[in-house]
1. I'd like the full set of residues that are over 24 Å from residue 57 (Cβ atoms), in contact (Cβ under 8 Å) with a residue 60 or more places away in the chain and more than 15 Å from the ligand (Cβ to nearest atom), limited to the range 301-333.
2. For the range 358-372, give me each residue that is buried (at least 19 other Cβ atoms within 10 Å of the Cβ) and either in contact with a Cys (Cβ under 9 Å, 6 or more places away or on another chain) or of a type in the set (A, V, I, L, M) (or both).
3. Using the structure shown, decide if residue 263 is within 18 Å of residue 114 (Cα to Cα), in contact (Cβ under 8 Å) with a residue 24 or more places away in the chain, more than 14 Å from the ligand (Cβ to nearest atom) and out of contact with any strand residue (DSSP E or B) (no Cβ under 9 Å at 6 or more places or on another chain).
4. Quick one: what pairs do we get from the range 419-444, first residue over 11 Å from residue 292 (Cβ atoms), second of a type in the set (Phe, Trp, Tyr) and surrounded by 19 or more Cβ atoms within 10 Å (Cβ to Cβ), C-beta under 6 Å, 6+ apart or different chains?
5. Do you know which of the residues in the range 371-423 that are assigned to a loop (DSSP other than H, G, I, E, B) and aliphatic (A, V, I, L, M) is nearest to the ligand (Cβ to nearest atom)?
6. I'd like the full set of residues that are within 14 Å of the ligand (Cβ to nearest atom) and more than 17 Å from residue 236 (Cβ to Cβ), limited to the range 172-198.
7. Here's a check for you: in the range 189-241, which residue that is in a helix (DSSP H, G or I) and acidic (Asp, Glu) is surrounded by the most Cβ atoms within 10 Å (Cβ to Cβ)?
8. Any idea which residue in the range 26-85 is modelled with the lowest pLDDT, counting only those that are surrounded by fewer than 20 Cβ atoms within 10 Å (Cβ to Cβ) and among the basic types (Lys, Arg)?
Amino acid sequence: MSGPGAQAPDASRPADTVRRILDPGSRPHPYALYDQVRAAEPVWMDGAHPVVVFASHAACASVLRDPRASNDRRHALMYGCQGPGSGAGAEAGGDESAGGAVDAATPRAELPSFLFADPPRHTVLRRLVAPDFTRDAARRLTGMIKDLVDDLIDDMAEQFARGAALDAVGALASPLPVTVICHVLGIDTGERGWYRTRSSLLGRAVDPYPAFVGAPAPGAAERERAEAELTAFFTELAHARRAEPKDDVMSRLLAARPDGRPLSDTEVVTTCRLLLNAGHETTVNLIAGGLHVLLLRPKTLAALREAPSTAGQLVEELLRFEAPLQIVHRHAREDMEVLGTRIRRGTTMVLLLGGANRDAEVFSCPHHLRTERAEAGRHLSFGLGAHYCLGAPLGRLEAELAFVRFAQRVVEPRLAVEEPPFRPHVVLRGPETVPVHAARVLGRDLPWGR
Ligand code: HEM
């Protein structure tokens with residue numbers, strides 16, 4: 001067990017089962033633990049702060065839909081915050097400058113991104129960027145994403161030709177989403193490795209160590225550095241866009257007057273940083289995890305090659321089967337009830353989305369990948385309610401195009417290792433590398449057929 005204050009696990013105690021989720025050894029196969037948590041639900045943790053864990057679909061969905069369940073991270077134990085006024089964390093910070101008040105009662109320097117805010121501030125900021133992430137907006141990127149996927153697969157061809165194993169995460173799953181979101185945000189893609197490393201470090205800030213063992217996730221100092229560097233990058237970009245606006249998300253945010261006054265630099269910077277992080281970390285894991293699952297199931301990959309129009313259905317089932325974001329949390333802003341469980345104001349509610357997606361009450365044979373299942377779309381991998389994933393159409397599209405083209409162009413692909421290593425992250429689930437061998441790669445002139 002990681003983290004100070006942890007005791008030896010005792011499988012008969014549900015709180016110990018929950019803590020085992022943090023063990024690096026649980027990373028490849030967390031689903032049996034989620035089943036145990038669901039069977040014991042609600043699981044109350046035994047730390048200094050009230051924390052309850054849910055893993056059933058019904059309870060997770062009920063909390064996500066409940067307006068009394070706050071996502072304001074300034075009150076969130078999950079991130080090690082002590083209560084109102086404590087703004088530390090991956091999405092908080094940034095400089096302060098003149099600008100209009102979205103939430104005039106709150107000091108600006110403490111405002112986190114809109115993911116970690118409640119209405120009305122959440123609504124105001126989300127609305128400003130929503131037009132850039134509609135289904136139509138994603139569809140307009142199809143040509144650009146197809147070209148990019150083909151470029152990345154062309155690069156793979158050279159390595160396969162040398163007979164070497166290739167890491168499909170480094171070659172496809174990782175560069176695709178970061179390049180796409182940088183394109184959408186209008187930022188230079190030349191440094192995509194730079195963003196990737198920093199946002200990956202920040203991803204560990206959401207791991208539930210504070211809630212489960214009362215200690216921060218490992219690597220706090222590195223995370224703070226990464227956060228400061230990303231904030232500095234976006235602050236500089238904001239200054240450049242203010243001086244010379246372009247047709248991009250940041251320029252539109254700088255020009256916005258949601259309540260008759262401009263946003264502060266902090267609001268602009270944290271919103272763009274959220275879009276960069278949320279827009280690629282999860283999508284990398286969807287593509288990397290999906291390729292892993294497909295390489296273990298050559299028949300499913302062959303079926304996709306034969307019928308690329310089934311890609312949408314496949315992606316939905318992959319989202320259910322391997323949720324790229326396994327856990328979210330909420331905080332009871334007032335006394336509430338969740339399926340008969342009384343939750344006192346101030347309680348942290350930890351929702352195991354990866355567990356909800358494997359709940360047999362909703363999904364038949366939940367531990368099997370079934371591309372034809374009718375209920376796949378009920379997964380909670382994009383969340384639910386007010387914070388439902390803004391980038392869902394874009395994430396789906398990127399994954400569909402990546403899987404279709406990999407299936408079509410990479411001939412006889414097979415995993416080069418029995419079990420790829422998983423990332424150390426608890427919330428952001430995905431393989432660190434997916435080493436692949438292949439016979440060869442077909443040319444990009446092959447019709448897409450979708
Ligand atoms: C394809 C993989 C993706 C998955 C599995 C995913 C998952 C999620 C989940 C579960 C949430 C809700 C978090 C919560 O309720 O606490 C969320 C929110 C969000 N996602 Fe995604 N996401 C993905 C792709 C993207 C992309 C491509 C973008 C593009 C910018 C994006 C942007 C966002 C934003 C801005 C939010 C915050 C929404 C809000 O607070 O109103 N996501 N995502």
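1. Scanning the range 301-333 gives 301, 302, 303, 304, 305, 308, 309, 310.
2. 359, the sole residue that qualifies.
3. Judged against the criteria, residue 263 is a match.
4. Final answer for the pair search is 438/160; 441/160.
5. Ranking the qualifying residues of the range 371-423, first place goes to 390.
6. Matches in the range 172-198: 173, 174, 176, 177, 178, 179, 180, 181, 183, 184.
7. 227
8. If we take residues in the range 26-85 being surrounded by fewer than 20 Cβ atoms within 10 Å (Cβ to Cβ) and among the basic types (Lys, Arg), then 27 is modelled with the lowest pLDDT.
The values are calculated or read from the model by the stated rules, or taken from the named source; none is laboratory data. Here the structure is a predicted model, which is why all the values come from computation and not from measurement. With ideal geometry, Cβ positions are generated from the backbone for all residues, glycine too; neighbour counts draw on all protein chains shown.
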